[in-house]
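I have placed the structure first, in the form of structure tokens, so that the comments after it can refer back to it.
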Amino acid sequence: MTIHAVIFDLDGVIVSTDEYHYQAWQQIADEEGISFDRRINERLRGVSRMESLEIILRQAPRSYSETEKLGLAHRKNEYYRQLLNRLTPGDILPGVMAMLAAIKRRQVKTAIGSSSRNTPTILEKIGLADAFDAIADGNQIARSKPDPEVFLLAADKLGISPENCAVVEDAEAGIEAALRAGMRAVGVGSAAHCPQAHIRASAIADLDVDELLA
Ligand code: BG6
Ligand code: MG
């Protein structure tokens, strides 16, 4: 299948905000006396805020009411947004700008497909608010990855069939979502060793654009 569009995940692919998500959840876990570490954090990649909280609370010594859960998710987002305040275009991950330019030169479309409700803020902060042909994010979907909804929405906004789209992801849940959407799945970062991915690279900087689009 020819690739006419590349859909990028945001956190951990375009910018290292995955680290800020981890730090904010670690702070919540520490304050609540819940055991949490980077290994558990891997399961939160690509997953929505409330579903991430549910995963963290599996280690909690007590149960939390729905109101308390909403409070914790809100507090986490406050901590996270404080960290986002520091973001600048200098935080764009290595190779991203060159990859976007190379894709555009080949007249292939680009989109963001992210579970994050903070997508507009982040793109604004790193100066990429107008860099993509379409944006599908956590504010526009009912089900987060591994559900394919966000990628199918991005393809729909671009007017391109799912089988002509490639997805670049750092999350196992994102690779699964791409496959369920019928798209080519490219694993980078934490998804670089994901056996189901069609293409794997340790980082975007190591991806070959022609292999990605071939
Ligand atoms: C994804 C992250 O991009 O967005 C997840 O990989 C995060 O870790 C999810 O939980 C939701 O983010 P937000 O910004 O809406 O809390
Ligand atoms: Mg990600």
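The values are calculated or read from the model by the stated rules, or taken from the named source; none is laboratory data. As the structure is a prediction and not an experimental result, all values here were calculated from the model. A quick note on method: Cβ atoms are made from the backbone with ideal geometry, for glycine too, and the neighbour counts reach across all protein chains shown. Quick note on the areas: whole protein, heavy atoms, side chains included, nothing else; ligands and nucleic acids left out. Shrake-Rupley method; radii C 1.70, N 1.55, O 1.52, S 1.80 Å.
Give me the Kirkwood hydrodynamic radius of the chain in Å, from all C-alpha pairs, to one decimal place?
Evaluated over the chain, this radius sits at 17.3 Å.
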Carbon and sulfur atoms: what percent of the 1.4 Å accessible area of the chain do they account for? 47 percent
Ellipsoid equivalent to region 52-152 - semi-axes via the Cα gyration tensor, in Å: 32, 17, 11
Using the Karplus curve 6.51 cos²θ - 1.76 cosθ + 1.60 with θ = phi - 60°, what ³J(HN,Hα) values do you get for each residue of region 186-194, in whole Hz, with x for Gly and Pro? 10, x, 10, x, 5, 9, 5, 10, 5
Accessible-area order (highest first, 1.4 angstrom probe) of the listed residues 37, 208, 137, 156: 156, 208, 37, 137
Only helices at least 18 Å long along their axis, Cα-based, and averaging 0.5 or more on Kyte-Doolittle count here, so list those DSSP H runs from the chain. none
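Based on DSSP H runs of at least 4 residues, each adding -39500 (n - 2.57), what is the mean residue ellipticity at 222 nm of the chain after dividing by all its residues, to the nearest 500 deg cm²/dmol? Let's see the in-between values first.
On the way: 9 runs with 89 residues, N = 214.
Taken over the chain, the calculation gives -12000 deg cm²/dmol.
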Sites residue 67 and residue 129 - FRET efficiency at Förster radius 41 Å, r taken between beta-carbons, to 0.05: 0.75
In the structure shown, do any of 76/157; 104/125; 76/109; 76/125; 76/104 have a Cα-Cα gap over 27 Å, and if so which? 76/157; 76/109; 76/104
Give, rounded to the nearest 20 debye, the magnitude of the charge dipole that region 18-84 has about its Cα centre when Lys and Arg contribute +1 at Cβ and Asp and Glu contribute -1 at Cβ. 120 debye
In the chain, if the dipole is taken from +1 on Lys/Arg beta carbons and -1 on Asp/Glu beta carbons about the Cα centre, which of 165, 120, 204 is farthest to the positive end? 120
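As a test of understanding, state the convex hull volume per residue of region 1-65 from its alpha carbons, in Å³. Write out the running numbers ahead of the final one.
Working: hull volume 6.9 nm³, N = 65.
That works out to 107 Å³ per residue.
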In terms of the charge dipole of the chain, which places +1 on Lys and Arg and -1 on Asp and Glu at the beta carbon, the residue among 190, 103, 153 farthest towards the positive end is 153
Keeping all protein chains in place, calculate the accessible area per residue for region 64-214 (probe 1.4 angstrom), answer in Å². 45 Å²
Interchain or long-range residues, amide H under 5 Å from residue 6's placed H: 109, 110, 111, 166
Would you work out the charge dipole size for the chain about its Cα centre, treating the Cβ of every Lys and Arg as +1 and the Cβ of every Asp and Glu as -1, and quote it to the nearest 20 debye? 160 debye
How much length is gained on full extension from residue 60 to residue 210, taking 0.36 nm per residue of separation minus their Cα-Cα distance? 49.3 nm
Over all pairs of distinct alpha carbons, what does the Kirkwood formula give as the hydrodynamic radius of region 113-214, in Å? 13.8 Å
